[in-house]
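A.B. asks: Below you'll find the structure I mean.
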Amino acid sequence: MLVVTPEITIQDWELSESFVRASGPGGQNVNKVATAVELRFEAERSPNLTGPIKTRLKRLAGRRWTQDGALILQVDETRSQARNREIARQRLAELVRKASVAPKRRIATKPTYGSQKRRLASKTQRGQVKALRGRVNDSE
């Protein structure tokens with residue numbers, strides 16, 4: 001069981017891990033030992049996540065979200081399989097934690113009188129600069 005927040009816990013049946021051979025450093029060991037971890041979280045079927053949290057998690061996950069509603073995290077940072085498992089679980093918990101925070105609603109505000117005046121003054125000045133860019137008259 002993975003505790004994300006006091007309200008959200010992920011049960012073991014929702015997670016499945018598979019181990020594959022990692023790329024990168026490790027010498028000859030890298031060809032023999034499967035140290036990289038692929039953590040699969042069945043997010044869509046999870047009873048502990050509410051609808052809005054699932055929606056935000058899907059947006060945060062991006063390409064890591066599969067069509068059948070699973071979230072797949074791949075970690076091959078260290079040579080240790082146990083450490084990679086730990087990192088993957090931490091990343092999953094962090095993603096779910098981020099998704100559980102509802103975004104603050106933006107309150108539309110009216111521009112101040114001074115800022116409106118400054119904007120119009122700069123537009124007028126810019127228009128004058130462009131108007132002066134025309135051809136020069138040689139009538140003098």
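The values are calculated or read from the model by the stated rules, or taken from the named source; none is laboratory data. Here the structure is a predicted model, which means the values were calculated and not measured. Ideal geometry is used to build each Cβ from the backbone, glycine not excepted, and the neighbour counts take in all protein chains shown.
A.B. asks: Would region 115-130 turn up any residue that is in a loop (DSSP other than H, G, I, E, B) and either among the basic types (K, R) or out of contact with any Asp or Glu (no Cβ under 7 Å at 6 or more places or on another chain) (or both)?
C.D. replies: First, pick out the residues of region 115-130 that are in a loop (DSSP other than H, G, I, E, B): none.
No, every residue in region 115-130 fails to be in a loop (DSSP other than H, G, I, E, B) and either among the basic types (K, R) or out of contact with any Asp or Glu (no Cβ under 7 Å at 6 or more places or on another chain) (or both).
A.B. asks: Right, another one. When you go through (1) at pLDDT below 85; (2) assigned to a helix (DSSP H, G or I) one by one for L92, which number turns out not to apply?
C.D. replies: Every condition holds for L92 apart from (1).
A.B. asks: Same structure, new question: Scan region 64-89 for residues that are among the polar types (S, T, N, Q) and in a loop (DSSP other than H, G, I, E, B) and jot them down.
C.D. replies: Within region 64-89, the first condition is being among the polar types (S, T, N, Q), and the residues that meet it are 66-67, 74, 78, 80-81, 84.
Hits for region 64-89 are T66, Q67, T78, S80.
A.B. asks: Here is a further query. Mind listing whichever residues of region 1-55 are among the basic types (K, R), part of a helix (DSSP H, G or I) and at pLDDT 75 or above?
C.D. replies: Taking region 1-55 first, the residues among the basic types (K, R) are 21, 32, 40, 45, 54.
Among the residues that remain, those that are also part of a helix (DSSP H, G or I) are: 32, 54.
Within region 1-55, just K54 meets the criteria.
A.B. asks: Read through the list (1) in a helix (DSSP H, G or I); (2) more than 30 Å from M1 (Cα to Cα), then give the number of the only condition that T109 fails.
C.D. replies: All conditions are met except number (1).
A.B. asks: Can we say K104 is in a helix (DSSP H, G or I) and either modelled with pLDDT of 90 or more or basic (K, R) (or both)? Write out each step before concluding.
C.D. replies: Details: in a helix (DSSP H, G or I): no; either modelled with pLDDT of 90 or more or basic (K, R) (or both): yes.
The answer is no for K104.
A.B. asks: For region 45-93, how many residues are free of Cβ contacts under 8 Å to residues at least 12 places away in the same chain and polar (S, T, N, Q)?
C.D. replies: Looking only at that region, the number is 5.
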